Amino acid sequence: MLPYSLLYPQTNTARRAVKLDGMWKFSLDPQTQGEREGWPQGLPTQERIPVPASFQDFFTDKDTREYAGDFWYETKFFLPREWAGKRLFLRFGSVTHRAVVYCNGVEVARHQGGFLPFCADITAAARLDQENTLVVKANNELTETNIPCGRTITLKNGKKMAKPYFDFFNYAGIHRSVHLLALPQASIQDVSLTFALEERAAQVRYTVDCAPGCTVALSLLDAQGNLAASGEGTEGVLTVKEPRLWGVRDPYLYRLVVTLFQGDQLADQYTLETGIRTVEVRGAQILLNGKPVYLKGFGKHEDSDLFGRGFNPAALKRDFELMKWMGANSFRTSHYPYAEEVYQMADREGFLIIDEVPAVGMFESLMNFFDATTGKQSGFFGKETTPQLLQAHLQAVEEMIARDKNHPCVVAWSLFNEPETTNENAVPYFEQIFARARELDPQQRPRTFALIGNSTPETCKCVQLSDFVCLNRYYGWYNQGGYEISDAEENFRKEMDGWQARGLHRPFVFTEYGGDTLSSKHKLPSVMWSQEYQREALEMLHRVFDSYDFVQGEQVWNFADFQTGEGIMRVNGNKKGVFTRQRQPKDAAFLLKARWESIPHTGWEKSPGAKQGE
Ligand code: CKX
């Protein structure tokens, strides 16, 4: 059991959860004077910004937007007297990229990694029946020993600047909700489920981690609230007769109510929404409930106007409506685990998620999208600091699987995005990450990583570890764009023949493909960056996908235009979106919609002309 696996907050007969979101005091700390000046007790400012949100897009000066270093938040909360005798926690959905938490001036938690939850036990530091001061010191500097990777430089004027090795803006702040929790002394700490399907029944195997000396009772309720199965004890099997399975775009959710007793007293209770389904890779197919599924969808970002990378429920709703309208069935949480509410929505809407750990930028380059196409090597996993990086990466894998293991929507773990795999020193590093994911996931989901263009059938030393192979490919954009597109198609087919010859006998999914497109640009005949060219490039790429039967999915890059750092390759952000950043369609949306609506969500057999993978 992991110390940070605290279950998603819930209020019920035994638990209390109160959101502390709202306007919090905020201060940058370029001189790192906070501790010296007593800021853990409270901030000397009247400035306030919303939580959750990134801090960067509210202000009108560049120094704040581009700020790298420490920054502080403060809020107050009142603790009701009725909570005496409870265990009290603060739970942060995420603070990017690292945080120190103080309650009434006392340090109560430290966390590294900007995309996963952590808790602070405040039982000793907090005061009942009084107002309490909560202060968070955060920091957004990038290093090569934490993920995502990059570096932080100091400009000649003394100001620090983040230099990401990745292609999205280094947004930071308290990005997800903060909850105040009151839990019973004897509590349920974790629940894990696995599923096995039989002819007319399903076996739901469960494990409950809880306080010793307690007894556990479980009830599985169907969507109408009728009892489907019940059990007792910290582990066992629930047999569900005639189960309704959770399916792609056809979700059916049960509720598992776990109750903890001390003697005959109810001590704690936790309700988990769950879908009964299996996922496996067999031959060159991905099977959901034993049926092949072809992934149709997107690589996305958590990125929207004003909120930056902060959780934005309006964008969440709009994005799911657009994905349904498109006929999509899946997405990858490129390039980090998203807010928990995204997975809850995917569970309820029947979308499949490739859940990605924030291991991005593992190729030393400030323009990896360009350098990787040139064959550049950086010896990334052979540095003196690699062991530290590995620890941070393993911690993120553990936290991600602990958080997301019970979501039916999560069908695979993506353990890296576009790392350097052409050097032998990557192999032991990869082996440890892949082994840890297998060890931790009770459902033994497929593991994968997204391969950059220079990880080819001839050069990639790590691809054999993936249960299915994810390719990020930009033929017709970074490779032979514009009038050279006919060469792009030929080279792409050559690469695919190479993969076939390598004989991996497993499914391939395109987790990125596409090209930058300005929503304002039309041109006939097309040129790169025009809407007409985006369509032509996609048509060419789809033609190639359809020629190989081991291609079992396509997730276009990107769902929407998104913010990046400044540079000569970016026009105020990456414009590969099928939608604009304001979530309005480009022409390509209609092309993809027509294609995806013609491919069923499950059970698609490719045309007999497609080249066989085995
Ligand atoms: N893949 C050649 C990672 C994404 C980038 C995408 C791009 C690259 C391409 C790598 O984070 O946004 O350049 O558009």
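General observations
- Linear extension gain, THR271 paired with GLU107, 0.36 nm per residue minus alpha-carbon span: 55.9 nm
- Accessible surface for the stretch 487-526, divided over its residues, is 46 Å² per residue with a 1.4 Å probe.
- Residue-by-residue Karplus 3J(HN,Hα) for the stretch 187-195, coefficients 6.51, -1.76, 1.60, Hz, glycine and proline x: 10, 7, 9, 7, 9, 10, 10, 9, 10
- Of the solvent-accessible surface of the chain, computed with a 1.4 Å probe and all protein chains present, 49% belongs to carbon and sulfur.
- Nearest-10 value in Å² for the accessible area of ILE433, using the 1.4 Å probe: 0 Å²
- Compactness relative to 2.2 N^0.38 Å, alpha carbon Rg of the chain: 0.97
- Of all DSSP beta bridges in the stretch 497-614, antiparallel share, percent nearest 5: 40 percent
- The slack in the chain from GLN33 to LYS461, taken as 0.36 nm per residue of separation less the alpha-carbon distance, amounts to 149.4 nm.
- Think of a 1.4 Å ball rolled over the protein heavy atoms: the stretch 1-141 then has 43 Å² of accessible area per residue.
- Once both labels are positioned 7 Å from their Cα atoms along Cα-to-Cβ, the gap between LYS163 and THR45 label points is 2.7 nm.
- Accessible area in the full protein assembly, largest first, 1.4 Å probe, for ARG543, ARG583: ARG543, ARG583
- Beta bridges per DSSP, both residues in the chain: antiparallel share near 75 percent.
- Exposure of TYR513 as accessible area (Å², to 10), given a probe of 1.4 Å and all protein chains: 0 Å²
- Over the stretch 535-614: Kirkwood hydrodynamic radius from C-alpha pairwise inverse distances, Å: 14.5 Å
- Greater than 31 Å apart at Cα, pairs in LYS291/LYS523; LYS461/LYS494; LYS296/LYS521: LYS291/LYS523
- Assigned charges on the beta-carbon of Lys, Arg, Asp, Glu; the chain dipole about Cα centre (debye): 720 debye
- Segment VAL257-GLN391, length gained on full extension (0.36 nm per residue, minus Cα span): 44.7 nm
- For ILE286, the accessible surface of its heavy atoms amounts to roughly 10 Å² (probe 1.4 Å, protein chains only, rounded to the nearest 10).
- Modelled FRET efficiency - R0 35 Å, GLU199 with GLN10, Cβ distances, 0.05 increments: 0.50
- Volume per residue of the C-alpha convex hull in the stretch 333-472, rounded to whole Å³: 104 Å³
- Residues of type lysines that LYS317 reaches as a straight line, Cα spacing below 18 Å, ignoring anything fewer than 8 places off in the same chain: LYS300
- Three-way shape label, the stretch 241-356, alpha-carbon gyration tensor, a/c 1.5: oblate
- For ASN139, the residues whose amide H sits under 5 Å from its own are PHE71, HIS97, ARG98, ignoring neighbours fewer than 5 places away on the same chain, with H placed 1.01 Å from N.
- Take the stretch 201-333 with all the other protein chains still there, run a 1.4 Å probe, and you get 40 Å² of accessible area per residue.
The values are calculated or read from the model by the stated rules, or taken from the named source; none is laboratory data. Please read all numbers here as calculations on a predicted model, not as lab measurements. Don't worry about glycine lacking a Cβ; one is built from the backbone with ideal geometry, like all the others, and counts go over all protein chains shown. Protein only, heavy atoms only, side chains kept; ligands, DNA and RNA dropped before computing areas. Shrake-Rupley method; radii C 1.70, N 1.55, O 1.52, S 1.80 Å.
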